[in-house]
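Visitor: Below is the structure I would like to discuss, written out as structure tokens.
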Amino acid sequence: MLDNPVIIGNGRIDFQSANSVTAKLSYQYHIRTDGLKFFNPTNQAIIDAFELVEQVLGGQFTLKDTSYARLHIFSSSLDTPFSANLLYNQETQEISLNITYNEPFGPYGEAIFEALNIAFIEKKDASNTTFSATGEVTINFINQSIALVAEFDPVAGLQFNYNKEKNPSNLIFDDIGTLALDSLEVKHNKTGIVPPQVLYTFDEKDGETLYDQAGIGEPINLTIEDLDAATWLKQGGLSATPTERSLIASPNIKKGKPNPISDLVAACQRTSELTIEAWVKPANTVQDGPARIVTLSRNTGRRNFTLGQGLWGEYPSDVYDVRVRTETTNRNGLPSTTTPAGTSQTELSQIVFTRNQSGQTRIYVNGIQKVEEVVEGDFSSWDTELCRLGLANEISGKRPWSGEYYKVAIYNRALDATEVAASFAPTIVAKGKMTLDENFGIGPNETFDTTFEYNLLDLTLTSHVNVATDIASQLTFDKLILEWSVPPGETTWQLTGKGQVNLTIFDRPFEFLSSTLPK
């Protein structure tokens with residue numbers, strides 16, 4: 001088993017029947033780099049796949065069609081769960097979690113991927129259990145469908161790679177040239193990301209308890225105190241419609257008694273760093289207070305930290321605001337860090353707040369940094385006795401937030417910009433050889449090494465063509481950069497008109513940015 005297995009997916013399996021009277025009807029699960037792990041609904045104890053199937057379920061079961069999966073490599077589609085099916089082959093001693101989704105999906109609802117079909121397989125022999133994955137997904141690459149094959153490694157995790165046998169030998173780029181593709185990788189860059197101290201995936205389906213599934217220290221389970229103000233979504237997620245007094249929070253602990261938040265507070269105090277990650281879909285953009293999305297606090301005037309939406313009075317309501325208590329802020333965590341007006345939207349959004357040891361605070365929305373401030377000091381003044389961790393309202397009420405929750409994670413480390421971007425969307429890089437058209441204007445009919453970078457944060461694709469060709473005496477083209485995107489309301493990729501040409505003239509390098517590209 002790996003020392004620090006990484007979660008690469010999660011979901012819930014719903015059973016119609018099982019060959020056991022003690023089996024439960026639903027089990028949450030994580031797909032980890034060390035295998036499939038299920039959670040006992042009664043006590044949240046981790047159950048290995050073979051233990052669940054052979055001992056808990058009695059070796060036979062039927063599933064409901066409400067079973068689903070989410071893959072973190074496609075996190076930007078958290079509100080679009082994939083179908084999941086659990087299979088058991090007693091003869092070959094294999095358990096397979098099959099995940100499928102045929103419709104197009106991608107960030108912001110764009111049709112980037114489709115035809116997902118992947119199986120995670122645990123196989124047991126007399127001395128060992130192995131974990132592997134097989135399958136494929138199709139990517140829309142400049143108006144052309146490319147089939148990618150799934151590959152899994154316990155260290156590298158899950159990724160999808162180009163397979164020449166499943167694709168055309170050459171890709172046509174109108175008015176530019178022909179690309180012989182050598183490689184195309186879609187991977188989730190998890191390098192350096194530590195496990196969260198607190199994790200909620202909102203896969204419980206029903207009941208009043210939100211379980212902390214981080215598996216670090218004492219879990220901070222939350223109770224939905226007003227079930228009329230919260231609705232479990234059919235295939236994962238929680239819709240919160242709180243009143244002024246509604247509360248989803250950790251236990252109310254009397255002063256002097258052990259508080260489950262103590263481990264989280266101590267972990268953040270050791271590092272003086274913090275990351276709050278929330279995948280949410282706000283009900284509207286006119287919430288204020290700020291309306292509490294995630295809070296570790298006592299009341300409206302005392303807190304350790306709070307991620308909220310909107311300000312108050314005449315200030316903007318379509319912003320995200322984070323308050324953190326240090327020696328340089330007051331007990332209410334003010335002054336706060338606030339994104340520009342217009343940041344909050346009613347679509348599914350990933351909001352990430354980070355604060356490092358030097359005091360730099362940043363808020364990212366969908367992987368893109370929106371604001372940076374400095375909040376000096378450490379967390380030595382944090383409250384460990386009477387603060388509670390809560391969602392969708394202040395602990396004392398009167399700051400309700402309405403919307404849908406899909407994931408909340410809290411880290412005792414400041415994720416850097418690369419890690420934040422990777423947590424929103426995968427890294428996509430393609431390499432090949434581009435043969436330019438005879439009418440292109442630069443190196444006609446010549447072939448050059450080309451690298452493509454597919455940026456899912458802003459939905460652009462940039463090609464770097466290493467031209468390196470002599471045009472005339474003492475004049476050399478070194479590099480050509482082209483950018484594509486799908487314009488609003490369109491369905492096909494088009495050149496944006498942005499680009500760059502690198503030249504060497506009389507041994508001196510020059511760089512030219514262009515708004516009109518040659519054809």
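Every read-out reported here was derived from the displayed coordinates using simple, explicitly stated rules and does not represent laboratory data. Fair warning: this is a prediction, and the values are worked out from it, not measured in the lab. Every residue, glycine among them, receives a Cβ derived from its backbone with ideal geometry; neighbour counts consider all protein chains shown.
Visitor: Scan around Ala230 for amide H atoms under 5 Å from its own, H built in the peptide plane at 1.01 Å from N, and keep only partners 5 or more places away or cross-chain.
Guide: So Ala230 has HN proximity to Thr241.
Visitor: So if I take the alpha carbon set of the stretch 185-314, get Rg, then get Rh from the Kirkwood formula, what is the Rg over Rh ratio?
Guide: 0.97
Visitor: Can I ask one more? How much length is gained on full extension from Asn89 to Asn19, taking 0.36 nm per residue of separation minus their Cα-Cα distance?
Guide: 23.7 nm
Visitor: Here's another thing I want to ask about it. Where does each of Asp48, Asp203 land when they are ranked from fewest to most other beta-carbon atoms within 10 angstrom?
Guide: Least to most surrounded, the residues fall as Asp48, Asp203.
Visitor: Next question, about the same structure. Step through the residues of the stretch 245-256 one at a time and calculate ³J(HN,Hα) from phi using the Karplus curve (6.51 cos²θ - 1.76 cosθ + 1.60, θ = phi - 60°), rounding each to whole Hz and writing x for Gly and Pro.
Guide: 10, 4, 8, 10, 7, 6, x, 7, 9, 6, 4, x
Visitor: Also, I was wondering about something else. Tell me which residues come under 5 Å, amide H to amide H, from Val371 once H is placed; ignore anything under 5 positions away on its chain.
Guide: Ile363
Visitor: Same structure, new question: What are the radius of gyration and Dmax of the chain, computed over its Cα atoms and given in Å?
Guide: Reported Rg and Dmax, both Å: 25.4, 85.
Visitor: I would also like to ask the following. Pop out the ³J(HN,Hα) list for the stretch 217-234 in order, Karplus 6.51 cos²θ - 1.76 cosθ + 1.60 with θ = phi - 60°, rounded to Hz; leave Gly and Pro as x.
Guide: x, 6, x, 9, 7, 10, 10, 7, 7, 10, 5, 6, 9, 8, 10, 6, 7, 4
Visitor: Right, something else. Within a Cβ distance under 13 Å of Ser272, other residues only, what is the Lys/Arg minus Asp/Glu net charge?
Guide: Within the 13 Å Cβ shell, the charges total 0.
Visitor: Pull out the extension gain between Val155 and Asn299, defined as 0.36 nm times the separation in residues minus the alpha carbon to alpha carbon distance; nm, one decimal.
Guide: 47.5 nm
Visitor: Moving on. Whose amide H sits under 5 Å from the amide H of Lys498, counting only residues 5 or more places off or on another chain, with H placed in the peptide plane?
Guide: So Lys498 has HN proximity to Glu483.
Visitor: Among Asp125, Asp321, Asp288, Asp449, rank each residue by its count of other Cβ atoms within 10 Å, from fewest to most, as a rough exposure measure.
Guide: Asp125, Asp449, Asp288, Asp321
Visitor: Normalised by the residues of the chain, what does the relative contact order come to in percent, with Cα pairs under 8 Å and at least six apart?
Guide: That works out to 12 percent.
Visitor: What whole-number value in cubic angstrom gives the convex hull volume per residue for the C-alpha atoms of the stretch 7-167?
Guide: Convex hull of Cα atoms, per residue: 126 Å³.
Visitor: So, one more: Please rank Glu51, Glu490, fewest neighbouring Cβ atoms within 10 Å first, as an exposure proxy.
Guide: Glu490, Glu51
Visitor: Same structure again: Once the Cα atoms of helix 262-271 and of the chain are each reduced to a long axis, what angle between those two axes, in degrees from 0 to 90 to the nearest 10, is obtained?
Guide: So the inclination is approximately 40 degrees.
Visitor: Could you derive backbone 3J(HN,Hα) for the stretch 136-152 from the dihedral phi with the Karplus parameters 6.51, -1.76 and 1.60 (θ = phi - 60°), listing whole Hz in sequence and x where the residue is Gly or Pro?
Guide: Those phi angles translate into 7, 8, 9, 10, 8, 10, 6, 6, 10, 7, 10, 7, 10, 9, 6, 9, 10 Hz.
Visitor: Show me, bin by bin at 5 Å from 0, the whole-percent P(r) of the stretch 137-257 based on Cα pairs.
Guide: Reading upward from the zero bin: 2, 9, 12, 12, 10, 10, 9, 9, 9, 7, 5, 4, 1, 1, 0.
Visitor: Given 0.36 nm per residue, what is the gain on full extension from Thr384 to Glu446 after removing their alpha carbon distance, in nm?
Guide: 15.6 nm
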